[in-house]
């Protein structure tokens with residue numbers, strides 16, 4: 001179990017501290033996928049980074065605890081935390097192209113680990129990517145955003161983390177790849193006894209995929225509930241989000 005209790009996250013500004021998140025508390029069980037919905041600017045990415053202390057201490061301050069495998073991640077030294085992340089935790093960031101070093105070829109990142117060649121090829125084939133040997137010769141800026149997102153996800157999955165965090169995983173990928181991503185993650189979380197935390201604005205991605213879903217609004221996180229129960233919640237902020245999402249979706253269909 002992963003027990004998250006973020007009491008507050010503040011941003012340093014000239015006028016003083018501004019509170020971005022407050023009293024965010026929830027538990028995550030293995031073999032489950034958790035999704036946090038929210039509009040732009042609500043602090044979803046900030047929350048995701050605060051969970052494993054990735055926020056810049058010169059810009060942010062945070063209080064709380066994150067208990068994972070008997071360890072409070074927020075109390076670890078930076079060196080110990082880096083080791084723990086490498087062994088147990090993986091992120092797939094919203095902008096995967098820029099998460100890679102532009103001076104290093106993609107093969108560099110795979111060669112850092114002792115992955116089996118057949119495992120790599122199996123993942124590349126599943127996500128409809130060209131042969132790994134061809135991709136490995138390319139620099140990150142030579143692939144599309146959608147391709148970089150799939151490569152970053154494959155790299156994370158091959159490391160078999162116990163805790164996988166995904167920041168807007170559907171940005172830059174088409175519907176077929178979205179379907180493949182959902183199927184692969186559902187299988188991964190069960191096979192590896194892992195937990196996955198997703199932040200997104202894409203309600204359709206969460207459908208038939210997530211086990212528990214919540215909503216971030218005004219720095220506060222709603223209680224995690226099943227996807228079905230989520231639509232029965234009487235919260236006005238959630239209803240507003242759902243209405244705005246439906247309107248945007250219908251406009252997209254019309255524009256097509």
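The values are calculated or read from the model by the stated rules, or taken from the named source; none is laboratory data. From a predicted model like this one, the values you see are computed outputs, not experimental measurements. Cβ coordinates were reconstructed from backbone atoms using ideal geometry, including for glycine residues, and neighbour counts include every protein chain displayed.
Could you check, for segment 61-81, whether at least one of its residues is surrounded by fewer than 19 Cβ atoms within 10 Å (Cβ to Cβ), touching a residue at least 24 places away in the same chain (Cβ under 8 Å), under 14 Å from the mean Cα position of the chain (by Cα) and in a helix (DSSP H, G or I)?
Checked against the condition, which is being surrounded by fewer than 19 Cβ atoms within 10 Å (Cβ to Cβ), touching a residue at least 24 places away in the same chain (Cβ under 8 Å), under 14 Å from the mean Cα position of the chain (by Cα) and in a helix (DSSP H, G or I), segment 61-81 yields no hits at all.
Mind counting the residues in segment 13-58 that are at pLDDT 90 or above, at negative phi and in a loop (DSSP other than H, G, I, E, B)?
Total satisfying the criteria: 2.
Kindly indicate which of 131, 116 is loosely packed, with under 12 Cβ neighbours inside 10 Å, touching a helix residue (DSSP H, G or I) at 6+ places or on another chain (Cβ under 8 Å) and more than 20 Å from residue 163 (Cα to Cα).
After applying the criteria, what remains is 131.
If residue 185 satisfies all but one of (1) within 16 Å of residue 96 (Cα to Cα); (2) under 13 Å from the mean Cα position of the chain (by Cα); (3) in a helix (DSSP H, G or I), what's the number of the condition it fails?
(1)
Under 6 Å between Cβ atoms, which residue pairs at least 6 apart in sequence (or on different chains) link something in segment 212-231 that is more than 10 Å from residue 24 (Cβ to Cβ) with a partner that is assigned to a helix (DSSP H, G or I)?
213/206; 213/227; 213/230; 215/238; 217/237
Could you say whether any residue in segment 84-98 is within 20 Å of the chain's Cα centre (by Cα), assigned to a helix (DSSP H, G or I) and modelled with pLDDT of 90 or more? Outline the logic, then answer.
Keep residues of segment 84-98 that are within 20 Å of the chain's Cα centre (by Cα), which gives 84-98.
Next, from what is left, pick out any that are assigned to a helix (DSSP H, G or I): 84-88, 96-98.
Checking which are modelled with pLDDT of 90 or more leaves us with 88.
Yes: segment 84-98 contains one or more residues that are within 20 Å of the chain's Cα centre (by Cα), assigned to a helix (DSSP H, G or I) and modelled with pLDDT of 90 or more.
Output the qualifying pairs, or none if there are none: Cβ atoms under 7 angstrom, residues six or more apart or on different chains, first residue in segment 184-198 and in contact (Cβ under 8 Å) with a residue 12 or more places away in the chain, second residue part of a helix (DSSP H, G or I) and surrounded by fewer than 18 Cβ atoms within 10 Å (Cβ to Cβ).
184/126
Can you pull out every residue in segment 144-180 that is within 24 Å of residue 86 (Cβ to Cβ), free of Cβ contacts under 8 Å to residues at least 60 places away in the same chain and not in a helix (DSSP H, G or I)?
160
Checking residue 119 against (1) in contact with a strand residue (DSSP E or B) (Cβ under 8 Å, 6 or more places away or on another chain); (2) closer than 29 Å to residue 71 by Cβ; (3) not in a loop (DSSP other than H, G, I, E, B): exactly one of these is not met. Which one?
Only one criterion is unmet by residue 119, namely (1).
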